[in-house]
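All remarks here apply to the structure that follows.
The values are calculated or read from the model by the stated rules, or taken from the named source; none is laboratory data. Worth saying up front: this structure is predicted, and the values here are computed from it rather than measured. For neighbour counting, all protein chains shown are included, and Cβ atoms are generated from backbone atoms with ideal geometry for every residue, glycine included.
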Amino acid sequence: MKKVLIIKLGAIGDVVMASSILSAAREKYGTDCNISWICGEIVAPLIKLFNNIDDVIVINEKKLLTGNLFEKLSVLLGVWTKFFGKRYDEVLIPYFDKRYRLLALTLRTPKLKTFDNANRINTFVKGRYFADEYAKLISEVDDFRMQRAKLASIVLHEADEKVRTIIKSLPKPTILIAPAGAKNLINYDSLRRWPIENYVELVKLLNQKNITPILIGSEGDKWAEDYFNSTNYISLIGKTSLTELLYIYTKSNLLITHDTGTMHLAKLTSLNVIALFGPTEQNRFIDKNDTKFTSIFGGNELYCAPCYDGKNFADCKNNICMKNISAENVLAKVNGILR
């Protein structure tokens, strides 16, 4: 039996797109394959829902990435001890940052694969969907035989009473809005965010159509609620886990958000999404064949957009590319989808 280990901590969006490795591994090795995944605590509940995965190893990502030297070493020692002498046929570390290779220091493997710009298999091709590039790392196919990457499917069991109660209370049509986000343990990429004032204007327009939208987000996004005091809305910000949010996605009509984790999470469901882009390139973050997604790009008239190079954004103090997207423009897309 082939044994494959994936080391991918990362934000929600990265993990969702990297889940294409699971499908590519199954296509390469069939059912005679055991797949393990080392991840951080934040995304662990999501990865445990993925089909075709055998073992999820959770580490304290916060201590590893932002802790003091002692905390970082304690996490590394824990991993090294757990995997000392273990053998995997392939170990995939889909990062350009070489420091992540330290996690595999005590592993025995004939194939350790990372992103390193050494050749086309081990790097991102500009303009391609990131999930395709993740899958390529294990498939090693980069020619006419290349197929569209498949994200992992998820297995949701019966919802608990809390989720069932929330779902019963959702107004119809059920329109979810994620006005904050755009952050992880390392970066706070506010350039990606549609201005909060535009979100407020959109909610007011929806209210005029007798629609009460639902705000979603993590506990750290609660600051956004105060901006909507003059509107009619329901807030689930900070009130649901990742798994609970997925249940809500399956019972909703539409999600409106910028390029953030909540957008990527919707790829694992049948939920329709209006995704707002400016600094980031649509084709790199959304499968162009995914009919659930309607994207709006606000940088068409700007030479600087998109400005994200895969690691950093421009040193920009005024994200006009996002401000150019009007609430009326988004509402027109909403009307089309609801029809």
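Run down Leu202, Leu215, Leu151, Leu156 and say which single residue is touching a residue at least 40 places away in the same chain (Cβ under 8 Å) and in the same structural domain as Asn289 (by TED's automatic domain parsing). Show your work before the answer.
On the way: Leu215 fails: touching a residue at least 40 places away in the same chain (Cβ under 8 Å); Leu151 fails: in the same structural domain as Asn289 (by TED's automatic domain parsing); Leu156 fails: in the same structural domain as Asn289 (by TED's automatic domain parsing).
Sole residue among the options that is touching a residue at least 40 places away in the same chain (Cβ under 8 Å) and in the same structural domain as Asn289 (by TED's automatic domain parsing): Leu202.
Could you tell me whether segment 247-264 includes any residue that is farther than 19 Å from Pro179 by Cβ, among the acidic types (Asp, Glu) and not assigned by TED's automatic domain parsing to the domain that holds Tyr129?
Looking for residues that are farther than 19 Å from Pro179 by Cβ, among the acidic types (Asp, Glu) and not assigned by TED's automatic domain parsing to the domain that holds Tyr129, one finds none in segment 247-264, hence no.
Output yes when any residue across segment 159-181 is part of a loop (DSSP other than H, G, I, E, B), among the polar types (S, T, N, Q), in contact (Cβ under 8 Å) with a residue 12 or more places away in the chain and under 18 Å from Thr240 (Cα atoms), and no when none is. Can you show your working first?
Narrowing segment 159-181 to residues part of a loop (DSSP other than H, G, I, E, B): 159-160, 170-174, 179-181.
Still in the list and also among the polar types (S, T, N, Q): 174.
Imposing the further condition that a residue be in contact (Cβ under 8 Å) with a residue 12 or more places away in the chain reduces the set to 174.
Restricting the remaining residues to those that are under 18 Å from Thr240 (Cα atoms) gives 174.
Yes; the residues of segment 159-181 include at least one that is part of a loop (DSSP other than H, G, I, E, B), among the polar types (S, T, N, Q), in contact (Cβ under 8 Å) with a residue 12 or more places away in the chain and under 18 Å from Thr240 (Cα atoms).
For segment 226-314, list the helices (runs of 4 or more DSSP H) that sit wholly inside it and hold at least 1 residues that are free of Cβ contacts under 8 Å to residues at least 60 places away in the same chain, under 27 Å from Arg148 (Cβ atoms) and of a type outside the set (Lys, Arg); which are they? Lay out the reasoning, then the answer.
Numbers: elements: 242-250, 261-265, 282-285.
Hits in segment 226-314: 242-250, 282-285.
Is there a residue in segment 222-242 that is of a type outside the set (A, V, I, L, M, F, W, C), surrounded by 18 or more Cβ atoms within 10 Å (Cβ to Cβ) and closer than 24 Å to Phe285 by Cα?
No - not one qualifying residue is present in segment 222-242.
Do we have any residue at all in segment 98-112 that's within 28 Å of Leu268 (Cα to Cα) and part of a loop (DSSP other than H, G, I, E, B)?
no
Restricting attention to segment 91-102, which residues are surrounded by 12 or more Cβ atoms within 10 Å (Cβ to Cβ) and either farther than 15 Å from Val4 by Cα or aromatic (Phe, Trp, Tyr) (or both)?
Here is the first cut: in segment 91-102, the ones surrounded by 12 or more Cβ atoms within 10 Å (Cβ to Cβ) are 91-96, 100-102.
Tyr95, Phe96, Tyr100, Arg101, Leu102 - these are the residues of segment 91-102 that are surrounded by 12 or more Cβ atoms within 10 Å (Cβ to Cβ) and either farther than 15 Å from Val4 by Cα or aromatic (Phe, Trp, Tyr) (or both).
Take the residues in segment 1-40 that are within 19 Å of the chain's Cα centre (by Cα), part of a loop (DSSP other than H, G, I, E, B) and at pLDDT below 95, then tell me which one is nearest to Leu246 (Cα to Cα).
Within segment 1-40, the match that is nearest to Leu246 (Cα to Cα) is Ala11.
What's the number of the only condition in (1) closer than 29 Å to Pro171 by Cβ; (2) assigned to a helix (DSSP H, G or I) that Ile325 fails to meet?
Ile325 satisfies all of (1) closer than 29 Å to Pro171 by Cβ; (2) assigned to a helix (DSSP H, G or I) except (2).
Results for (1) crowded, with 18+ Cβ neighbours inside 10 Å; (2) within 25 Å of Gly261 (Cβ to Cβ), shown as yes or no for each residue.
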residue	(1), (2)
Gly30	no, no
Glu41	no, yes
Lys48	no, yes
Asn52	no, yes
Asn60	no, yes
Leu64	yes, yes
Asp89	no, no
Pro110	no, no
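Just to be sure, is Lys150 out of contact with any strand residue (DSSP E or B) (no Cβ under 8 Å at 6 or more places or on another chain) and part of a helix (DSSP H, G or I)? Please lay out each step first, then the result.
Details: out of contact with any strand residue (DSSP E or B) (no Cβ under 8 Å at 6 or more places or on another chain): yes; part of a helix (DSSP H, G or I): no.
Criteria not met by Lys150.
May I ask you to verify whether Thr106 is of a type in the set (Val, Ile, Thr), surrounded by fewer than 18 Cβ atoms within 10 Å (Cβ to Cβ) and closer than 20 Å to Lys3 by Cβ?
On the way: of a type in the set (Val, Ile, Thr): yes; surrounded by fewer than 18 Cβ atoms within 10 Å (Cβ to Cβ): yes; closer than 20 Å to Lys3 by Cβ: yes.
Yes: the conditions hold for Thr106.
Given Leu92, Leu65, Leu73, Leu46, which one is without any contact (Cβ under 8 Å) to a residue 24 or more places away in the chain and either outside the structural domain of Leu265 (by TED's automatic domain parsing) or farther than 21 Å from Ile12 by Cα (or both)? Explain how you work it out, then say what you get.
Working: Leu92 fails: without any contact (Cβ under 8 Å) to a residue 24 or more places away in the chain; Leu65 fails: without any contact (Cβ under 8 Å) to a residue 24 or more places away in the chain; Leu46 fails: without any contact (Cβ under 8 Å) to a residue 24 or more places away in the chain.
Checking each option against the conditions leaves just Leu73.
May I ask you to list pairs of residues, at least six apart or on different chains, whose Cβ atoms are under 6 Å apart, with the first in segment 320-332 being farther than 15 Å from Thr280 by Cβ and the second being surrounded by 14 or more Cβ atoms within 10 Å (Cβ to Cβ)?
Taking only residues 6 or more apart or on different chains, the pairs are Lys323/Pro195; Ala327/Asn198; Ala327/Glu201; Ala327/Leu202; Ala327/Leu205; Val330/Leu202; Leu331/Leu205.
Restricted to segment 303-339, and to residues that are touching a Phe, Trp or Tyr at 6+ places or on another chain (Cβ under 7 Å) and among the aliphatic types (A, V, I, L, M), which residue is farthest from Val125 (Cα to Cα)?
At the first step, the residues of segment 303-339 found to be touching a Phe, Trp or Tyr at 6+ places or on another chain (Cβ under 7 Å) are 307, 310, 322, 325.
Now restrict to residues that are among the aliphatic types (A, V, I, L, M): 322, 325.
Numbers: Met322: 25, Ile325: 28 Å.
Only one residue tops the list, namely Ile325.
Which numbered condition trips up Thr81, out of (1) assigned to a helix (DSSP H, G or I); (2) of a type in the set (Val, Ile, Thr); (3) in contact with a helix residue (DSSP H, G or I) (Cβ under 7 Å, 6 or more places away or on another chain)?
Every listed condition holds for Thr81 apart from (3).
What pairs come up if the first residue lies in segment 102-125 and is under 30 Å from Ser74 (Cβ atoms) and assigned by TED's automatic domain parsing to the domain that holds Leu73, the second is surrounded by 17 or more Cβ atoms within 10 Å (Cβ to Cβ) and charged (D, E, K, R), and their beta carbons are under 7 Å apart, counting only those six or more places apart or on different chains?
Final answer for the pair search is Thr109/Glu90; Lys111/Glu90; Lys113/Glu90.
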